[in-house]
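First the structure, in the form of structure tokens, and then the observations on it.
The values are calculated or read from the model by the stated rules, or taken from the named source; none is laboratory data. In this text, all values refer to a predicted model and were calculated from it rather than measured experimentally. FYI the Cβ positions are ideal-geometry reconstructions off the backbone, even for glycines, and counts take in every protein chain you see. The accessibility values were calculated without ligands, DNA or RNA, using every heavy atom of the protein model including side chains. Shrake-Rupley method; radii C 1.70, N 1.55, O 1.52, S 1.80 Å.
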Amino acid sequence: MHGKVTMSSQSTAPHGASTHSDSHSATSGTAARFADVARSHLFVYVAVFFVSFLLISNIGATKLITLNIGGLDLYFDGGAMLFPLTYIIGDLLSEVYGFKVASRTIILAFGVQILASCCFWLVQIAPPAPDYANQEAFEAVLGVVPRFVAASVFGFLFGQLSNSYVLVWIKRRFGERALWVRLISSTIVGELLDTIIFCFVAWGADIAAGNVEFWSIVNLSLVGWLYKVGIEVIFLPLTYAVVGVVKRHEGLR
């Protein structure tokens, strides 16, 4: 990260929370501060929810949903209902614990996602029992398509890392004020990168072969991106409340 970072401890802070202050912050009162994850009792829960939401949303993404609003057909996958929450929790990780901790959690989730895909693939190719009648249903929901797995994991990885980097970069330069600016700005960047990578890795071969219209994927990308950013905006009050509770618990307020 850019800018000098120093460490200091507060004797009055519960849980032994430590802070990082940036030399570019306007005043010491608004300097960027992050919790000491080694003494945190909440971090493990935040990380578990982050990974869980990711895995659940990937399973939900196997169903396509169409909504007709004002005569306009909007296409979503089932994961769109839960996946944006991974960005909200990702924002919480970055805001409270910093980029280093957030990036490690993101990479952990990336690894768990690959592990889950490998397990589903092994179960998929295993010979079904003679009286098992749901092989096709299992493959339809949990079957592994390599390009979609690649699209999902790499879109998630680069989208989340860029989301975390942008949030912490803004925080280190402008301090603790205007949380909404860094939450929305980081989501705009992270979700855009995530959506573009996923849609064009997943559907690029079909576009090149002429099986899918280029502008259909552009529509899918744009709608998905706007939806996810919109969810971030709608959930801002909840995000503020959760971040506030966690910061108080970690001794940052």
### Task
From largest accessible area down, sort 141, 112; use a 1.4 Å probe on the protein chains.
141, 112
### Message
Quick query: amide H of residue 77 versus all other amide H atoms, modeled in the peptide plane; which residues come in under 5 Å with a sequence gap of 5 or more or a different chain?
### Response
65
### Query
How far is helix 99-125 tilted, in degrees, relative to the longest principal axis of the Cα atoms in the chain, given as a value from 0 to 90 rounded to the nearest 10?
20 degrees
## Note on the structure
Residue separation between residue 115 and residue 150 times 0.36 nm, minus their alpha-carbon distance, gives in nm 11.3 nm
### Message
So for the chain, averaging the separation of alpha carbon pairs under 8 Å that are six or more residues apart and normalising by length, what relative contact order in percent results?
### Response
24 percent
#### Entry: Coordinate range along principal axes, alpha carbons of the chain, Å, largest first
65, 44, 30
### Query
Okay, helix-only estimate at 222 nm for the chain: each DSSP H run of n ≥ 4 adds -39500 (n - 2.57), divide by all residues, round to 500 deg cm²/dmol; what do you get?
-22000 deg cm²/dmol
### Query
Say R0 is 25 Å: what FRET efficiency, to the nearest 0.05, do residue 253 and residue 41 get from their beta-carbon distance?
0.95
### Query
Once label points are set 7 Å from the Cα along Cα→Cβ at both residue 124 and residue 184, what is their separation, rounded to one decimal in nm?
4.0 nm
### Query
So what does the Cα-only Debye profile of segment 30-93 read at q = 0.15, 0.17, 0.19 Å⁻¹, as log10 I(q)/I(0), no solvent term?
-0.61, -0.69, -0.77
### Task
Could you work out the local net charge near residue 184, counting Lys and Arg as +1, Asp and Glu as -1, over the other residues with Cβ closer than 15 Å to its Cβ?
0
### Task
Order the peptides 199-212, 45-58 from the highest to the lowest mean number of other Cβ atoms within 10 Å of their residues.
45-58, 199-212
### Query
Within a Cβ distance under 12 Å of residue 229, other residues only, what is the Lys/Arg minus Asp/Glu net charge?
-2
### Summary
Descending accessible area (1.4 Å probe), largest on the left, turns 94, 162 into 162, 94
#### Entry: Calculated Rg and Dmax of segment 180-253 using C-alpha coordinates, Å
17.1, 56
### Portion, in percent, of the accessible area of the chain that falls on carbon or sulfur, probe 1.4 Å
70 percent
### Task
Take residue 74, project a point 7 Å from its Cα along the Cβ direction, then tell me which residues of segment 224-245 have their backbone nitrogen under 15 Å from it.
224-235
### Message
With every protein chain kept in place and ligands, DNA and RNA left out, what is the accessible area per residue of segment 127-253? Probe 1.4 Å, answer in Å².
### Response
51 Å²
#### Entry: Angle between the chain longest axis and helix 179-209 axis [Cα atoms, degrees, rounded to 10]
20 degrees
### Query
Between residue 49 and residue 140, what is the label-to-label distance in nm when each label sits 7 Å out along the Cα-to-Cβ direction?
3.4 nm
#### Entry: Ellipsoid semi-axes in whole angstrom, largest first, where each is sqrt(5λ) of the Cα gyration tensor of segment 47-130
27, 24, 7
